[in-house]
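In what follows, a single structure is set out as structure tokens and then discussed.
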Amino acid sequence: MPDTILPQTNPRRLRRAALFVGAALVIVLGVGAATRLMARQELSATTRDSAVQSVSVTQPSRGDAGTLVLPGRLQAWAQAPVYARTSGYLRNWYADIGTPVKAGQVLAEVDAPEVDQQLVAANAALATAQAQRDLASVTATRWDRLVSENAVSQQEADEKRGDFAARQAMRNEAQANVQRLRALTGFRRIVAPFDGVVTSRDTDVGALIAAGDGRATPLFTVADTRKLRLYVSVPQSLAAGIRPGLTAHFTVPDQPDQVFEAQLVRSADAVDAQSGAMLIQLVFDNSAGRLKPGAYAQVTLNLQGPAAGASPLRVPSSALLFRKEGTSVAVVGADNRVSIRPVRIARDFGADLELAGGVGATEWVVNSPPDSITNGDVVRAVRPQNVAKGAANARS
């Protein structure tokens, strides 16, 4: 059997194949290493981003210089509850709610037969007392003449004069009782105390009327609405801005498009211990009858007048930090680092606070900052959407 002849292997081709396999292996290993490195870097970046706290920021706003808006309450210039002074039954009433009345005008009449009978008895008692007083006067005069003639003793004459003085006092008492009952009979007519309008009526024909029963609701209420008092409670921190001659503007819910003007007439000049506010009174000329007493009003006070100057900066009350160093706010700089700034509150408007310095108008203040925030912290500032859109448009 002839020997098999094997093909000869080219050494150059073997080296090329080995180099190709080695290069492929190196590429595969490099790609794998690069992929793992990129994944590690991405994970590290994600971890770093997660470690940076996101905070909501806002820029200070400017309020109206010296302008204060507070709730107020309108009241009639004069208002009187009308009660009965005589017991009985209501015979008739002549004025209902909304009726304009004049001073002394009869609102209702009370039927009081018991008072009439008491007046008859009092007149009879007065007549008896008068007769007894006249008899005592004649007797005392007679006994004084008898004493001068030594017909009776001085003691007896003095007794007659004393009896006359007692009868005189009894007669005066009976006369006072008659006058009292006559006044009560006059109170059967319930009249308006002043010019005004009837704002309430809580009685009807045949109702039992008890004089001085202390009932919570009067028979009638009469109010003078030609002028209205406007009462406003000014916080203590703003009370120093209240000056004589202050003019206020206000609106009422039932006429939202109308702005009315009132003048300051007086203030309490004292801060209420419970509310921490000072009560002021303004007056509005309501001769046209445009407004109603008891209405709610939103009052705008110009505390500093027209030359108020630049408007002060305001921040949300939720931006405050209360630390042992004092009241402060957290400001985020251009490098996203936090700076804690001490501030002083000039005026408290509830949701907003007016600051007396500490921050600038273009700086970003952290709203609702966490208690753990400190100086130098790196944060991610989340700005309002409208501000962010404006910045993006400016860059484009």
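The values are calculated or read from the model by the stated rules, or taken from the named source; none is laboratory data. Since this is a predicted model, take the numbers as computed values, not measurements. Note that each Cβ is placed from the backbone with ideal geometry, even for glycine, and that neighbours are counted across all protein chains shown. Protein only, heavy atoms only, side chains kept; ligands, DNA and RNA dropped before computing areas. Shrake-Rupley method; radii C 1.70, N 1.55, O 1.52, S 1.80 Å.
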Quiz prompt | Surface accessible to a 1.4 Å probe, Trp364 within the full protein complex, Å² | solution = 30
Quiz prompt | Whole-number accessible area per residue in Å² for the chain, which is evaluated in the context of all protein chains at 1.4 Å | solution = 62
Exercise. Taking H placed 1.01 Å from N in the peptide plane, check which residues at least 5 places from Leu246 or on another chain put their amide H under 5 Å from its amide H.
Key: Leu264
Quiz prompt | Gyration tensor over alpha-carbon atoms, segment 215-343, equivalent ellipsoid semi-axes in Å | solution = 40, 19, 16
Self-check item: Alpha-carbon Rg/Rh ratio, for the chain, with Rh computed the Kirkwood way
Solution: 1.50
Exercise. Counting only C-alpha contacts under 8 Å and six or more residues apart, can you give the relative contact order of the chain as a whole percent?
Key: 24
Quiz item: Which loop chymotrypsin sites (Phe, Trp or Tyr not before Pro) in segment 197-258, with loop taken from DSSP, have no more than 11 other Cβ atoms within 10 angstrom of their Cβ?
Solution: none
Quiz prompt | Cα pair distances in segment 151-270, grouped into 5 Å bins until the bin that holds the longest one, percent each | solution = 2, 7, 9, 10, 9, 9, 8, 8, 8, 7, 6, 5, 4, 3, 3, 2, 1, 1, 0, 0
Practice problem: Assign unit charges at the C-beta atoms only (+1 for Lys and Arg, -1 for Asp and Glu), then state the dipole size of the chain relative to its Cα centre in Debye, rounded to the nearest 20. | Solution: 2360
Quiz prompt | Sequence-separation-based contact order of segment 243-365, relative, with Cα cut under 8 Å and 6+ spacing, percent | solution = 18
Quiz prompt | Cα-Cα pairs of segment 326-378 separated by more than 16 Å (percent) | solution = 40
Practice problem: Calculate the all-directions average of the projected area of segment 69-211's alpha-carbon convex hull, and give it in nm². | Solution: 14.5
Quiz item: Whole number please: convex hull volume per residue of the Cα set in segment 120-192, in Å³?
Solution: 69
Practice problem: Run the accessible area of the chain with a 1.4 Å probe and give the carbon-and-sulfur part as a rounded percent. | Solution: 54
Quiz item: Using a 1.4 angstrom probe and counting only protein chains, how large is the accessible area of Glu325 in Å², to 10?
Solution: 140
